[in-house]
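Nothing in this text is a laboratory measurement; each read-out follows from the coordinates by a stated rule. Just so you know, these numbers come straight off a predicted model, no measurement behind them. Note that we place each Cβ from the backbone using ideal geometry, even for glycine, and neighbour counts take in every protein chain shown.
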Amino acid sequence: MAEEKTPLKWKFETGDSVSSSPAVVDGVVYFGSYDNHLYALDTKTGEEQWKFETGDSVFSSPAVSDGVVYFGSYDNHLYALDSKTGEEKWKFKTGYFVRSSPAIVDGVVYFGSGDKHLYALNAKTGEEKWVFKTGDSIFSSPAVSDGVVYFGSDDSHLYAVDIELAEKLRKEEQKRQEEEKKALSERQEEADKHGLTVEDIRTKYVSGDITLEEAIEWQKQHLKEIAEASSISAEEIVQAIWNIYGQPYDKDTPKSSILNYKYETEVKHIEADYISSDGLGCERLDEYNCGSDCHNIDKESDEYNPKEMEKIENIEITVWDYIVDNFESDFNSKVNASTLTGELNLGLQTKEAIEEILNNMMNDLCEIFRGFTVMGGEVLYPEQGDNPWEHPETIYLEVSAPKVSLEDLNPNWTEDEYHLVD
């Protein structure tokens, strides 16, 4: 049987799809694959000369110029490799994938990126010469003619960019940045020379928002205000809060402690029965004509009377019984000097700003306690679920955060501003 004729000379298998268009130069074919590699094969035999691995798929079609092969990868880079060896000469990182195929003209590489920019790089070094932003990703491969680079964008536009003007504008921008950097350095030196140490004022001067004369005058006024203001210690404030709202030593000291908070609430009779006998306790404010074991009666039995068992009762909860065990560690985790000074800069602060942080800390503390249960719903209503934190009948502790003012903590803390210290 005669051998079937075929025009196929050879084929080469990669690890994934090949969408990259090949470039053929000096007997070598270069192309990319979705298997993350750029390949160089002998055009006559299909034998692999070398391959180069990138960090993602290579959709970009390579371009070869002066012994260098240029191509993009979905790993956000444009690569320049030695066309003979596959050795990396340089790579340039963009803000997104590079699907655009590069064009090399007069020692410059032009290509687009998914980050919406067209880039122009020095072909030998990979240094950025200029960049042009569009409204969307650039998949298009640029074309260069008569000093103009043409390319499309996913923003529905075709662009024609004057290369000479783009280079000129970039140089002007670089010059402006260098002058700004120099001026910034000079203002830093002037700030040091004139002892501008107040951070906010120094920053305003160095950034050019205020003049040197204004900065010097503002700092003088600021330091005068600090000198006139009384100092107040973050540690001292927190200790004062603890003395008034903490101290779990006994139920009578101090009366203002969160631990001694009490509140009335309404619950069902069997719930009051459980809380008072098997729970952490409550005071029952209404008369009840049964023992303290109603909550153990089977709801399906004849003994269970829904009208009696589920009638509403008033009870009083003493917060102490529910939060005292870990109160001190809970308190210190939320109400501490580090949090206060972390939220406010040390130095001159208004009384209002200090009190705002104090009240935020106290609210965060009480938020912990509001997650404590007086009765898990699964205890009396297991048919509705066994997770107390997700149970619709769970009764949570009610703890309102006290309103804290500096005068409450110390009757002498009445000034409008304080010099806050550690």
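Bridgeable aspartates and glutamates around Lys133 (alpha carbons under 18 Å apart, same-chain partners fewer than 8 residues away excluded): Asp115, Asp154, Asp155, Asp162, Glu164, Glu167, Glu172, Glu173.
Annotation note: GluC sites (Glu not before Pro) in the range 1-100 located in DSSP loop regions with a Cβ neighbour count of at most 13 within 10 Å are Glu3, Glu4, Glu13, Glu47, Glu87. GNM remark for the chain: springs join alpha carbons under 10 Å apart, and the peak mean-square fluctuation among Glu313, Glu287, Glu393 falls on Glu287.
With contacts taken as Cα pairs under 8 Å and at least 6 residues apart, the chain reaches a relative contact order of 8 percent. Computed over the chain with a Gaussian network model linking Cα atoms closer than 10 Å, the most mobile of Ser60, Ser73, Ser301 is Ser301. Remind me, relative contact order of the range 178-228 in percent, using alpha carbon pairs under 8 angstrom and six or more residues apart? Averaging sequence separation for qualifying contacts and normalising by length gives 30 percent for the range 178-228.
Consider the candidate values (1) 42.5; (2) 33.6; (3) 27.3; state which one is mean projected area of the Cα convex hull in nm² computed from the structure displayed. Checking each listed value against the structure points to (1). In loop segments of the range 1-89 as defined by DSSP, the trypsin sites (Lys or Arg not before Pro) with at most 11 further C-beta atoms inside 10 Å of their C-beta are Lys5, Lys9, Lys11, Lys44.
Per residue, the average separation of C-alpha pairs within less than 8 Å and at least 6 apart gives the range 23-168 a relative contact order of 13 percent. With each label modelled as a point 7 angstrom along the Cα→C-beta vector, the Ser256-Val421 pair spans 2.5 nm.
Charging the Cβ of each Asp and Glu at -1 and of each Lys and Arg at +1, and nothing else, the dipole of the chain about its Cα centre rounds to 3000 debye. The chain: longest stretch without exposed chymotrypsin sites (Phe, Trp or Tyr not before Pro) (DSSP loop, at most 12 other Cβ within 10 Å), sites themselves excluded? Longest stretch, sites excluded: 11-248.
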